[in-house]
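A quick write-up on the structure given underneath.
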Amino acid sequence: MPSARKRTRSYDPARTRAAVLAQFENVRAGVRALTPEQLALPTRLGDWTVRDLVAHLALTVESVGRALERDEPAKPDLALLDYLSATAAHADAIAEASRELAGATSDLDALLTRAGQDLARHLAAAPHTRVLAMRAGAMILTDHLVTRAVELVVHTDDLNAAVPGLDIPHDRQALAACTRMLADTLAAKAPGGSTEVRIPPYAVVQCVQGPRHTRGTPPNVVETDPLTWIRLATGRTTWQDALAGGTVGASGERADLGPYLPLMT
């Protein structure tokens with residue numbers, strides 16, 4: 001069933017395109033000098049290696065061009081905030097394709113360079129209202145690019161965690177889009193107005209059923225930074241560990257987000 005939601009957030013098409021291109025270039029520049037030993041390192045994604053993850057990010061942006069080359073559907077049928085749940089069923093196929101590409105590719109930098117150039121070329125010619133036929137459903141181009149920003153930001157953090165000292169930067173606009181989409185997904189998953197979730201400087205949402213806050217300091221508040229929020233939303237860290245480590249603050253009887261997390265894995 002479609003998620004219950006308040007007014008849907010809009011994303012600026014030009015900024016979203018620029019964010020995806022910038023974050024993908026950050027990844028390409030960051031991994032191009034990795035050694036075979038570093039590429040063979042494990043990640044926090046099950047049995048995926050760094051090489052597998054890099055190949056996956058190439059597929060992440062190649063999906064845009066492939067979709068633009070297909071016939072355009074009559075109308076979109078997949079809303080942005082339904083994307084995470086709709087794609088969960090395809091996780092095994094995505095993982096298999098990523099590992100196959102990783103095993104068949106000797107020059108990852110050439111793969112990423114070609115993928116980035118193809119993405120820029122396709123986006124230069126595509127209107128932001130173009131509807132794409134994706135595996136999980138038909139989406140408007142700008143919405144799909146927001147999901148690409150999420151993939152790139154989340155997996156940039158995975159790469160940095162896997163390779164000591166890698167420190168690939170996050171493009172500010174890509175980080176903002178990722179933070180906002182995941183915050184809005186929480187608000188759709190746990191609708192209500194009793195708890196305010198603050199992720200400065202990018203997002204504030206209200207969620208969780210209960211007495212609605214209307215003025216003054218809300219009785220239930222959760223606050224954290226963008227990367228901690230992204231790790232919570234994607235299962236990279238647990239609610240209990242974040243509380244214990246002091247990276248998230250929570251006050252009020254309805255400020256426990258543990259039952260609603262993670263939103264994606």
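The values are calculated or read from the model by the stated rules, or taken from the named source; none is laboratory data. Owing to the predicted nature of the structure, the values given are computational and were not obtained by experimental measurement. Cβ atoms come from the backbone with ideal geometry, glycine included; neighbour counts cover every protein chain shown. For the accessible areas, the whole protein counts, side chains as well, though only heavy atoms, and no ligand, DNA or RNA atoms are used. Shrake-Rupley method; radii C 1.70, N 1.55, O 1.52, S 1.80 Å.
In table form, for the structure just shown:
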read-out: Mean projected area in nm² (Cα convex hull; one quarter of hull surface) for the stretch 152-240; value: 6.4
read-out: Between 0 and 90°, nearest 10: helix 50-68 axis offset from the chain longest Cα axis; value: 90
read-out: Stretchable slack from H90 to R114, in nm (0.36 nm times residue separation minus alpha-carbon distance); value: 6.1 nm
read-out: Of the trypsin sites (Lys or Arg not before Pro) in the stretch 191-265, those whose Cβ has at most 13 other Cβ within 10 Å and which sit in DSSP loop; value: R212, R215
read-out: Within the stretch 153-265, percent of DSSP bridges classed antiparallel, to nearest 5; value: 75
read-out: Loop-exposed GluC sites (Glu not before Pro) per DSSP, neighbour cap 15 Cβ within 10 angstrom, longest uninterrupted part of the chain; value: 70-252
read-out: Solvent-accessible area per residue for the stretch 113-265 (1.4 angstrom probe, square angstrom); value: 42
read-out: Debye intensity ratio I(q)/I(0), log10, the stretch 163-202, q values 0.21, 0.33 Å⁻¹ (C-alpha model); value: -0.73, -1.11
read-out: GNM flexibility winner over the chain from V163, V61, V150 (Cα, springs under 10 Å); value: V163
read-out: Cβ-Cβ FRET estimate between A29 and S106, R0 fixed at 22 Å, reported to 0.05; value: 0.65
read-out: Computed FRET value (nearest 0.05) for S251 with D47, which takes r as the C-beta separation and R₀ as 51 Å; value: 0.80
read-out: Bins of 10 Å from zero: percent of alpha-carbon pairs in the stretch 1-73; value: 15, 31, 31, 19, 4
read-out: Carbon plus sulfur fraction of accessible area for the chain, probe 1.4 Å, in percent; value: 51
read-out: Loop-located trypsin sites (Lys or Arg not before Pro) in the stretch 72-148, at most 14 other Cβ atoms within 10 Å (DSSP); value: R135
read-out: Paired Rg and Dmax values of the chain, which use every Cα atom, in angstrom; value: 18.6, 59
read-out: Folded to 0 to 90 degrees: helix 91-104 orientation relative to the chain principal axis, Cα; value: 30
read-out: Residue with peak Gaussian network fluctuation, the chain [Cα springs, cutoff 10 Å], from R70, R180, R17; value: R70
read-out: Net +/- balance of residues flanking P262 in space, Cβ distance below 12 Å, scoring K and R +1, D and E -1; value: +3
read-out: Nearest 10 degrees, 0 to 90: helix 108-125 Cα axis against the chain principal axis; value: 70
read-out: Set of the stretch 124-154 residues, backbone N closer than 20 Å to the point 7 Å along the Cα-Cβ line of T8; value: 127-151
read-out: Selection from T224, C207, P262, by position along the positive dipole direction of the chain (Cβ); value: C207
read-out: Two-decimal Rg/Rh across the stretch 32-144, once Rg and the Kirkwood Rh are taken from alpha-carbon atoms; value: 1.01
read-out: Potential extension, R130-R15 segment - 0.36 nm per residue separation minus Cα distance; value: 39.8 nm
read-out: Dipole moment magnitude, nearest 20 debye, the chain about Cα centre, only Lys, Arg, Asp, Glu C-beta charged; value: 920
read-out: Rounded to whole Hz, the Karplus (6.51, -1.76, 1.60) HN-Hα couplings of the stretch 83-89, x for glycine and proline; value: 4, 4, 5, 6, 8, 4, 5
read-out: Förster-model FRET efficiency, 41 Å R0, V204 and D167, C-beta, rounded to 0.05; value: 0.90
read-out: Pairwise centroid distance, computed over Cα atoms, of the stretch 142-164 with the stretch 186-247, Å; value: 21
